[in-house]
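The values are calculated or read from the model by the stated rules, or taken from the named source; none is laboratory data. Everything numeric here is computed off the predicted structure, so don't read it as measured data. All Cβ positions, even for glycine, are placed from backbone atoms using ideal geometry, and neighbour counts span all protein chains on display. Just the protein is used for accessible areas: all its heavy atoms, side chains included, with ligands, DNA and RNA removed. Shrake-Rupley method; radii C 1.70, N 1.55, O 1.52, S 1.80 Å.
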Amino acid sequence: MSFEMTALLLSWVAILLLSLVVAGLVRQVHALGQGPRPTAVGLSAGSQAPGFDRFGPALLLFLSADCSACPEVLAAAESLTGSEGQAVHALFTGAALPSEGVTVHPDEPALFEAYKIPATPFAVVVGESGRVTVSEPVGSPGALRELLKLEVSR
């Protein structure tokens with residue numbers, strides 16, 4: 001076999017191997033696009049609110065003492081309690097931040113699970129019917145105010 005014939009044969013083998021590798025990569029990229037979609041965080045609106053018998057209709061703030069934005073969100077909730085006339089409860093998985101005007105509940109990890117809270121700060125508004133009306137993360141005092149404006153307009 002001549003040198004040219006050997007080089008041509010090796011070139012075709014290399015092209016075949018490269019095409020198989022590219023096909024495998026394309027399949028992997030396609031599989032990544034078909035992966036599980038992110039699920040909604042928190043309980044969806046209309047869900048029965050766990051602990052309604054304890055809290056009644058209220059704004060539930062899920063906070064953490066280690067969260068950097070949580071003290072600011074809690075302070076914003078304190079300023080809203082008198083004007084909005086809505087009960088506000090701050091729930092923590094462990095130790096709680098001190099608060100005036102907001103009822104604080106330390107050591108409530110079961111409620112974090114029941115409400116499917118992925119991170120703090122997170123707010124849930126529970127209506128008169130005992131159902132969740134809004135459930136969203138609130139990363140700042142402004143986000144909390146916007147959530148409450150949205151709730152009032154519904």
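Summary of values
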| item | result |
| --- | --- |
| Helix runs (DSSP H) in the chain reaching 30 Å along axis by Cα, Kyte-Doolittle at least 1.0 | 3-33 |
| Local net charge near Phe62, Cβ-Cβ under 14 Å (Lys/Arg +1, Asp/Glu -1) | -4 |
| Accessible surface, per residue, of the chain when the full set of protein chains is kept, probe 1.4 Å, Å² | 61 |
| Portion, in percent, of the accessible area of segment 69-135 that falls on carbon or sulfur, probe 1.4 Å | 51 |
